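Let me begin by presenting the structure, written as structure tokens, before commenting on it.
The values are calculated or read from the model by the stated rules, or taken from the named source; none is laboratory data. Since the model is a prediction, treat every value here as computed from it, not as a measurement. Neighbour counts run over all protein chains shown; Cβ positions are idealised from the backbone, glycine included. Surface areas here come from the heavy atoms of the whole protein model, side chains and all, with no ligands, DNA or RNA. Shrake-Rupley method; radii C 1.70, N 1.55, O 1.52, S 1.80 Å.
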Amino acid sequence: MNTPETSRFVRLRVELVLEIDDEEAVTGAALRRIADDGDMPDEERVHAESAVTEDTAEALAHLVDPFTLIDEVPGVELLQASWSGEEIDYDPDSAEWDLDEDDDDEPYDDEEEADRAG
């Protein structure tokens, strides 16, 4: 059986809603991560420390690392990632937050439709 020489690229979309019940712990952990990053330039470090101190969602974004999540998956290489954090209004009883329903509001291009069809 011949294996095609072309790569398969997949965009994985993940949305998490987290409840932060200890902002100081999150901020402290983010500040420690920034301090431990020996490759971070000083100017970037000052900006990052300010951002995580002022915004807990930003602190959380400094702690979540998609590269670490994918590192353990065999046969996969993470080529590009972006992520951010923002404070939101959350109502678990609202239909807007029903994660079991398909998101029909976002159109898919033909390639994504073909991938879904199998």
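Largest accessible area first, the listed residues His62, His47 line up as His47, His62 when surface is computed with a 1.4 Å probe on the assembled protein chains. Taking all protein chains as they are arranged and a probe of 1.4 Å, the heavy atoms of Glu44 leave approximately 100 Å² accessible to solvent.
Largest to smallest in accessible area, the residues Asp65, Asp71, Asp91 fall in the order Asp71, Asp91, Asp65 (1.4 Å probe, all protein chains included).
Derived scalar couplings between HN and Hα for region 44-53 equal 5, 4, 4, 5, 5, 4, 5, 4, 6, 6 Hz in order, rounded to whole Hz, by the Karplus curve 6.51 cos²θ - 1.76 cosθ + 1.60 (θ = phi - 60°), x for Gly and Pro. Per-residue surface analysis assigns Glu86 an accessible area of about 140 Å², computed on protein heavy atoms at 1.4 Å probe radius. When the alpha carbon gyration tensor of region 22-72 is reduced to an equivalent ellipsoid, its three semi-axes come out at 17, 15, 9 angstrom, largest first. Run through region 2-87 and list the chymotrypsin sites (Phe, Trp or Tyr not before Pro) located in a DSSP loop whose Cβ has at most 13 other Cβ atoms within 10 Å. Listed in order of number, the matching sites are Phe9, Trp83.
Ordered by solvent-accessible area of protein heavy atoms (1.4 Å probe), largest first, the residues Arg32, Arg11 come out as Arg11, Arg32.
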